Amino acid sequence: MSTFKDNFLPFALPEIGEEEIADVVDCLRSGWITTGPRAKKFEDDFTSFLGGSLESVAVNSATAGLHLALEAIGIKSGDEVITTTHTFTATAEVIRYFGAIPVLVDIDRSTLNIDIDSIEKKITSKTKAIMPVHFGGLAVDIPAIMSLAKKYNLRVIEDAAHALPASFNGTTVGSFQTDATIFSFYANKTMTTGEGGMLVTRDQKIAERARVMRLHGMDRNVFDRFTGKTPGWYYEVIAPGYKYNMTDIAAAIGIQQLKRVKIFQQKRAQIAETYNSLLSDLPVTLPPMPLPGDTHSWHLYVIQLDSNLKVDRNQFIEKMFESGIGCGVHYIPLHEHPYWNKVFGFQKEMFPVSQDIYESSVSIPIYSKMSEDQTHQVIHSIKSILVD
Ligand SMILES: *Cc1c(COP(=O)(O)O)cnc(C)c1O
């Protein structure tokens with residue numbers, strides 16, 4: 001079954017090896033396919049990967065993890081949560097699950113991350129939390145966010161859907177002293193479980209609450225109940241929870257992917273380096289770079305086209321597609337979407353940087369399965385569209 005046209009280079013592809021396939025088959029044969037020993041192992045491996053002294057809670061999407069994190073810190077209707085307009089709708093939709101109010105902030109042109117200087121102006125007596133997004137895998141200056149959070153007594157939940165692995169000033173994303181950090185294992189992310197996510201936290205109470213709420217608000221997990229270690233029929237429902245647990249089938253993929261996640265990152269960093277050097281003479285702005293010594297996950301490689309070129313951004317994507325290369329746009333900012341602008345009155349004039357980046361930017365393919373030839377094919381197509 002072939003999904004893609006011959007010779008078409010898709011915008012993103014997962015890198016699934018024989019190890020993942022074998023572990024999924026073992027899981028299927030084992031008799032335990034929902035949350036169980038593999039999900040537990042995946043959590044333990046994830047904790048070790050991040051260096052320990054934190055709790056990892058596996059869930060069936062990052063969206064679920066973000067929702068659980070906001071629930072665990074007690075977000076209520078009418079509370080305000082500050083985040084960036086330049087993100088995927090999942091970051092803000094979870095705020096609405098509580099009837100809370102997303103307060104959107106513009107981005108900083110030098111990082112494409114939330115403009116930290118603009119956050120303080122948006123803080124009111126109703127503000128409860130800040131949700132920074134590590135855009136494209138370039139880590140946010142979390143220490144700066146944390147000092148604001150301390151000053152105003154706010155909680156911080158990191159949307160790290162793009163940021164495995166990434167670091168800021170030597171600290172790995174996931175290890176900052178924030179309330180929780182959520183990673184995504186969606187099919188096109190830096191590692192995948194098909195669908196899945198991980199909530200990590202240093203706060204025992206948040207971890208416990210997320211574990212209960214990810215499975216119907218039940219106080220003991222099913223695996224403990226049905227493995228024959230105890231009679232196991234009894235449980236208590238202590239809250240109206242959700243159905244957000246990760247299956248062992250997904251965890252089997254995750255365990256294997258995590259072993260190679262650093263290699264995947266190195267391959268993407270290599271592609272980024274090739275792009276950086278061979279696109280630098282073209283009429284485009286290259287993506288912001290990490291501080292020396294820091295890790296950029298390179299989930300996205302976003303270029304901005306100069307104005308006054310012979311093609312506009314949409315035509316550029318069309319021509320790339322005709323030449324056999326898939327591109328994306330990250331993101332159509334939240335303020336451009338009907339729901340967010342009609343209900344909350346967000347307008348593009350309020351977010352000039354995000355709007356400008358949106359109108360001029362293109363995300364070009366960057367993933368570990370790409371060959372050197374394919375990287376050069378992308379560069380060649382960009383050159384022939386922009387300069388030849
Ligand atoms: C992908 C993504 C999410 C949601 O992740 P899922 O695992 O698909 O729920 C959230 N925020 C950002 C910025 C994303 O890119």
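A short reminder: the numbers here are calculations on the coordinates, not readings from a lab. Model, not experiment: these values are computed from the prediction. Here the Cβ is made from the backbone with ideal geometry for all residues, glycine too, and neighbour counts use every protein chain on show.
Rounded to whole Hz and in sequence order, give me ³J(HN,Hα) for region 239-253 from the Karplus expression 6.51 cos²θ - 1.76 cosθ + 1.60, θ = phi - 60°, writing x for Gly and Pro.
6, x, x, 10, 10, 10, 6, 8, 6, 5, 5, 5, 4, 4, 5
At a Förster distance of 35 Å, what's the computed FRET efficiency of A239 paired with H337, Cβ-Cβ distance as r, to 0.05?
The computed FRET efficiency comes out at 0.65.
Cα gyration tensor of region 83-225, axes a ≥ b ≥ c as square roots of the eigenvalues: rounded (a/c below 1.5), prolate (a/b > b/c) or oblate?
Here region 83-225 falls in the prolate category.
Quote the charge dipole size of region 261-386 about the Cα centre in Debye, to the nearest 20; the model charges only the Cβ of Lys and Arg (+1) and of Asp and Glu (-1).
300 debye
Compute the angle between helix 313-322 and the longest alpha-carbon principal axis of the chain, please, reported from 0 to 90 degrees and rounded to the nearest 10.
So the inclination is approximately 90 degrees.
Counting Lys and Arg as +1 and Asp and Glu as -1, what is the net charge of the other residues whose Cβ lies under 14 Å from the Cβ of T375?
Net of charged neighbours comes to +1.
So the label point goes 7 Å from the Cα of D6 along Cα→C-beta, right? Which residues of region 305-330 then have their backbone N under 16 Å from it?
Backbone N within reach: 324.
How many percent of DSSP beta bridges within the chain run antiparallel, rounded to 5?
Roughly 60 percent of the DSSP beta bridges within the chain come out antiparallel.
For a quick protection proxy, order the peptides 60-67, 122-129, 255-262 by their average other-Cβ count within 10 Å, most packed first.
60-67, 255-262, 122-129
Nearest 0.05, what FRET efficiency do S125 and T285 give at R0 = 41 Å with Cβ-Cβ as r?
That pair, S125 with T285, gives E of 0.55.
What is the Cα centroid distance between region 91-152 and region 281-340, reported in whole angstrom?
Between the Cα centre of region 91-152 and that of region 281-340, the gap is 23 Å.
Would you kindly derive the ³J(HN,Hα) couplings of region 341-357 from the backbone phi angles with the Karplus curve 6.51 cos²θ - 1.76 cosθ + 1.60 (θ = phi - 60°), listing them in order in whole Hz, with x for Gly and Pro?
Taking θ as phi minus 60°, the curve returns 7, 6, 6, 10, x, 5, 10, 4, 4, 7, 9, x, 6, 4, 4, 5, 5 Hz for region 341-357.
Where does each of 206-214, 266-274, 135-143 land if you order them by average Cβ count within 10 Å, highest first?
Going by the mean number of other Cβ atoms within 10 Å, highest first, we get 135-143, 206-214, 266-274.
As a test, work out the antiparallel percent of DSSP beta bridges whose residues both lie in region 1-136, rounded to the nearest 5.
10 percent
For region 18-259, what is the largest minus smallest coordinate of the Cα atoms on each principal axis, given in angstrom and ordered from greatest to least?
Here the Cα extents, ordered largest to smallest, are 56, 40, 29 Å.
Give me the angle, in degrees from 0 to 90, between the Cα long axis of helix 204-213 and the longest principal axis of the Cα atoms of the chain, rounded to the nearest 10.
90 degrees
Treating only the Cβ of Lys, Arg, Asp and Glu as charged (+1, +1, -1, -1), what charge dipole size does the chain show about its Cα centre? Round to the nearest 20 debye.
With only Lys, Arg, Asp and Glu charged at Cβ, the dipole is about 1000 debye.
Specify the angular offset, from 0 to 90 degrees and rounded to the nearest 10, of the alpha carbon long axis of helix 18-30 from the longest principal axis of the alpha carbons in the chain.
With both axes taken from Cα atoms, the answer is about 20 degrees.
Explain nothing, just compute: Karplus ³J(HN,Hα) = 6.51 cos²θ - 1.76 cosθ + 1.60, θ = phi - 60°, for every residue of region 364-370 in order, whole Hz, x for Gly and Pro.
Listing the rounded values in order: 9, x, 8, 7, 4, 6, 5 Hz.
At a 10 angstrom cut-off on C-beta neighbours, averaged per residue, how do the peptides 146-159, 73-86, 282-295 rank from highest to lowest?
For the peptides 146-159, 73-86, 282-295, the packing ranking is 73-86, 146-159, 282-295.
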